[in-house]
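Report on the following structure.
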Amino acid sequence: MKRPTLEWSDKFLIGIEELDYEHHCLVDDINKLHRELAGRKGADKDIELIKDTLGEIHARMQAHFALEEHVMEADAYPHYWEHKAEHEKLLDDYTEFMTKFERDPNMDDQEAMEDTLRLWIVDHIIASDKKMSRMIKDANK
């Protein structure tokens, strides 16, 4: 876990204020999780702290996706179902990692979990969310 944490960048901004705020919070949460995983020493309190953070990220993701899907529905985004499917896939993948960690806190694929979260930030926000934002703004001109 020697990789650096994910740094917030304006390249993550999509131009919808409430979603940009949520994205920034998710980056902060991912960095918190990274620090906790990197600094854990196997103590029960460390494991409980990580489990709490995993749960917080899951709850934030669910709330964020609900908000984003509301925005897409309200603006009749034509790729709504495709975008929603990306959300569901990420939540399913994340839930699987979270469940594995809860069963076995010494699991070997913690890096895979962090990679999934980073991939979402980079690919989903920069590609899918920006596309959605551009199409909504263009449709509302």
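Read-outs: derived from the displayed coordinates by stated rules, not from any lab. Note that the structure is a prediction, hence the values are computed from the model and not measured. When we count neighbours, we look across all protein chains shown, and the Cβ atoms used for this are built from the backbone with ideal geometry, even at glycine.
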Seminar exercise, completed: Sorted largest first, the C-alpha extents of region 56-135 along its principal axes in whole angstrom are 44, 19, 18
For this session: Pop out the ³J(HN,Hα) list for region 118-130 in order, Karplus 6.51 cos²θ - 1.76 cosθ + 1.60 with θ = phi - 60°, rounded to Hz; leave Gly and Pro as x.
Result: 5, 4, 4, 4, 6, 6, 5, 5, 5, 8, 5, 5, 5
For this session: In Å³ and rounded to a whole number, note down the convex hull volume per residue for the Cα atoms of the chain.
Result: 94 Å³
Problem set entry | Neighbour cut-off at most 11 other Cβ (10 Å), DSSP loop, trypsin sites (Lys or Arg not before Pro), region 14-83 | LYS41
Problem set entry | 3J(HN,Hα) from dihedral phi, region 65-77, Karplus parametrisation 6.51/-1.76/1.60, rounded to Hz, x for glycine, proline | 4, 4, 5, 5, 5, 5, 4, 5, 5, 4, 9, 6, 4
Problem set entry | Two-site FRET efficiency, VAL122 against LYS45, from Cβ-Cβ distance with R₀ of 35 Å, rounded to 0.05 | 0.65
Problem set entry | Reachable lysines, given that their alpha-carbon falls under 27 Å from the alpha-carbon of LYS32 and they are not under 8 places away in the same chain | LYS2, LYS11, LYS41, LYS45, LYS51, LYS84, LYS89, LYS100, LYS130
Exercise. To the nearest 20 debye, what is the magnitude of the charge dipole of the chain about its Cα centre, counting +1 on the Cβ of each Lys and Arg and -1 on the Cβ of each Asp and Glu?
Worked result: 380 debye
Exercise. Remind me, relative contact order of the chain in percent, using alpha carbon pairs under 8 angstrom and six or more residues apart?
Worked result: 33 percent
